[in-house]
């Protein structure tokens, strides 16, 4: 009875703490939807109309799970922007449960609770990312977390005589979905599935085939789309700045990871100064303790998870396009296995401590504060409110003036199209146009009846097709609009 009560208390403490910091992200005016997030929602609207986008519109990669989830949940009586972001939150919660399940199988109850809480409460850039509607990130985390669980369950299962094991098929399928979600997840899915394939081959020669078939089924639409469009996924992606392999490895360890954990801000400053550096070193030591514990355990499944966790960064460093680190998003690829290693390391140190679960329950709000508060305070302050209030004001003014077409920055066009449910036609002049249909509708309208919309910090009045005197300029929060005069 006491154990059950402590388990419930642990889950409640982690759940409430994680929800609080996601509420800060979801209701923070500075963290408004950007153009890429709005694309996720607009793609969901396309799905509702019968279209089935294979990749992020305008991209050569990027799965559309979040868009399908948005389309399926659009009947809920929620604000569209909030609902869209909550799709990522739900997928993140699924990932946390799967990681907790995996760690519990490997190291017991407390390790499972700790690992799940690490993924759910997380910190810094991961907390921000979990509340953003970027295609492929939260879904990729959920898929790859499912891969870890299936791999552990298969390896730990008694050797049977069945040649066909549905777990292997499902493992390959989830690995394929993870790679479809974002190519970087290949750096975790590939070594994981290859390890299981080798181990499974000793049990049944059909094991690698089943994994391969599952992966092919998941990736078949993506492969077909690439074949029909000249294999755009194979073309070189733009690189933010040139780097060597060793530079990328160093950046992943010293820049990307502390940002992902909330110990360094987006600007690079350590959130807690010297204390933040010390805490980061402690976290690395805990993960190393977990790694050693797994290696010494003699369990094949535990050693597999430890090995994959160590391989991910060296594999990611092979790809120059993954050097981008300022917002910490690529840390998501190591979040699941390193959460397990860290949880196992802490669990091994707490096993002889009386009431260790109760101590962890009490420590959860404090850890949430350490890894989230300073980071979020630096980028959002203490503001609470509707992040999309400026766009709603713009739409109200457009309705008042009976204007139904706009043009301007991509970073605003998607927000307008999404929140107006595409009632307002939009044309992105720069840097990219992902929805040519909306652009065609907008261009069909006379310039004297089209408004120009730009971010306040990127006001490009030089792009106006009419003389400046023919416009009324108004500012709505972080947006500037040029309304054509009657």
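Every read-out reported here was derived from the displayed coordinates using simple, explicitly stated rules and does not represent laboratory data. A quick note: this is a predicted structure, and the numbers were derived from the prediction, not measured. All Cβ positions, even for glycine, are placed from backbone atoms using ideal geometry, and neighbour counts span all protein chains on display.
Using C-alpha pairs under 8 Å with a sequence gap of at least 6, the mean separation divided by the residue count of the stretch 389-484 gives a relative contact order of 28 percent.
Calculated mean residue ellipticity, 222 nm, the chain: -19500 deg cm²/dmol, from DSSP H runs (n ≥ 4) at -39500 (n - 2.57) each, averaged per residue and rounded to 500.
Beta bridges per DSSP, both residues in the stretch 389-484: antiparallel share near 55 percent. FRET efficiency for the pair residue 421 and residue 296, taken as 1/(1 + (r/R0)^6) with r the Cβ-Cβ distance and R0 = 41 Å, rounds to 0.10. Using only the Cα atoms of the stretch 168-218, build the gyration tensor, take square roots of its eigenvalues as a ≥ b ≥ c, and label the shape rounded, prolate or oblate: rounded if a/c is under 1.5, else prolate if a/b is larger than b/c, else oblate. Oblate. Quick check: from the Cα gyration tensor, does the stretch 389-484 come out rounded (a/c under 1.5), prolate or oblate? Rounded, because the longest to shortest axis ratio a/c is under 1.5. Taking Cα atoms only, the orientation of helix 186-203 departs from the longest principal axis of the chain by about 40 degrees. The simple spin-label model puts a point 7 Å past each Cα toward its Cβ; for residue 384 and residue 79 those points are separated by 1.3 nm. Here the contact order of the chain, divided by its residue count and restricted to Cα pairs under 8 Å and six or more residues apart, works out to 19 percent. Using C-alpha pairs under 8 Å with a sequence gap of at least 6, the mean separation divided by the residue count of the stretch 14-89 gives a relative contact order of 26 percent. From the coordinates of this entry, P(r) over Cα pairs in 10 Å bins from 0, in percent is computed, and it appears in (1) 3, 11, 12, 14, 15, 12, 11, 8, 5, 3, 2, 2, 1, 1, 0, 0; (2) 4, 18, 28, 25, 15, 7, 2, 0, 0; (3) 4, 17, 23, 20, 13, 9, 6, 4, 2, 2, 1, 0, 0 under the label (2).
Relative protection proxy for 61-68, 451-458, 48-55, from highest mean packing down: 61-68, 451-458, 48-55 (other beta-carbon atoms within 10 angstrom).
For the chain, the longest principal axis of the alpha carbon atoms and the long axis of helix 410-419 meet at an angle near 90°. From most to least packed by mean Cβ count within 10 Å, the peptides 253-259, 114-120, 146-152 give 114-120, 146-152, 253-259.
Using the Cβ-Cβ distance between residue 449 and residue 231 with R0 set to 60 Å, the FRET efficiency from 1/(1 + (r/R0)^6) comes to roughly 0.90. What does the C-alpha gyration tensor say about the overall shape of the stretch 294-416? Classify as rounded when a/c is under 1.5, otherwise prolate if a/b is larger than b/c, or oblate. Taking the square roots of the gyration eigenvalues as a ≥ b ≥ c, the stretch 294-416 is oblate. Enter the angle in degrees (range 0 to 90, nearest 10) between the Cα long axis of helix 137-156 and the first principal axis of the Cα atoms of the chain, meaning the one along which they spread out most. With both axes taken from Cα atoms, the answer is about 20 degrees. For the chain, DSSP calls about 60 percent of its internal beta bridges antiparallel.
In terms of packing, defined here as the mean over residues of other Cβ atoms within 10 angstrom, the peptides 288-300, 331-343 line up highest first as 331-343, 288-300.
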